[in-house]
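This report concerns only the one structure given below.
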Amino acid sequence: MSRWRVACVGLGLVLAAGAARAQVPGPLIEQCAYCHGADGIARDAEVPHLAGQNERYLFNQMLAFKSGKRPHKEMRYLSRLMTTEEIGALAAYYASLPPR
Ligand code: HEC
């Protein structure tokens, strides 16, 4: 593989990552940040960290809150305002952040 090709592949990955992140609705993340931290690291001992957590796990937990299978007042309320696409984007976003 030529060096130019390597550079192209690298740029493609960066652009793809940027596009994936752009899909995450900013106002939603601000709401989550209040409890889970802007960096996905919660400041309150009663709130779980989300940064670096498994994407599939985060996605499943939010769907469980949405359906009521996992009971929690705030998370149920918030997850019901989100579409499955938004939940998927949020799960991918928090999974991509560095864990504590
Ligand atoms: C009012 C505070 C609050 C807000 C705002 C909030 N959360 Fe939570 N979240 C919690 C608490 C508390 C828990 C732990 C619930 C439990 O005890 O079962 C939790 C749990 C979770 C979990 C499960 C984590 C795990 O380790 O099982 C996910 C995923 C999650 N929240 C995502 C979000 C997202 C995404 C948002 C923004 C849309 C958000 N939360 C907004 C308080 C909040």
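What follows draws every value from the coordinates through simple rules; no lab data is involved. As the structure is a computational prediction, the values presented were derived from the model and not from experiment. Cβ atoms come from the backbone with ideal geometry, glycine included; neighbour counts cover every protein chain shown.
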Once you have the Cα-Cα distance between A92 and N54, take 0.36 nm times their residue separation minus that, and quote the gain in nm to one decimal. 12.8 nm
Could you give the size of the charge dipole of the stretch 24-96 about its Cα centre, using +1 on the Cβ of each K and R and -1 on the Cβ of each D and E, expressed in debye and rounded to the nearest 20? 380 debye
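State, as an integer percentage, the relative contact order of the stretch 24-96 based on alpha-carbon contacts under 8 Å between residues 6 or more apart. Don't skip to the answer; put the middle values down first.
Details: 77 pairs, mean separation 22.9, N = 73.
Over the stretch 24-96, the number comes to 31 percent.
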Beyond 18 Å, how much of the Cα-Cα pair distribution for the stretch 24-96 remains, as a whole percent? 31 percent
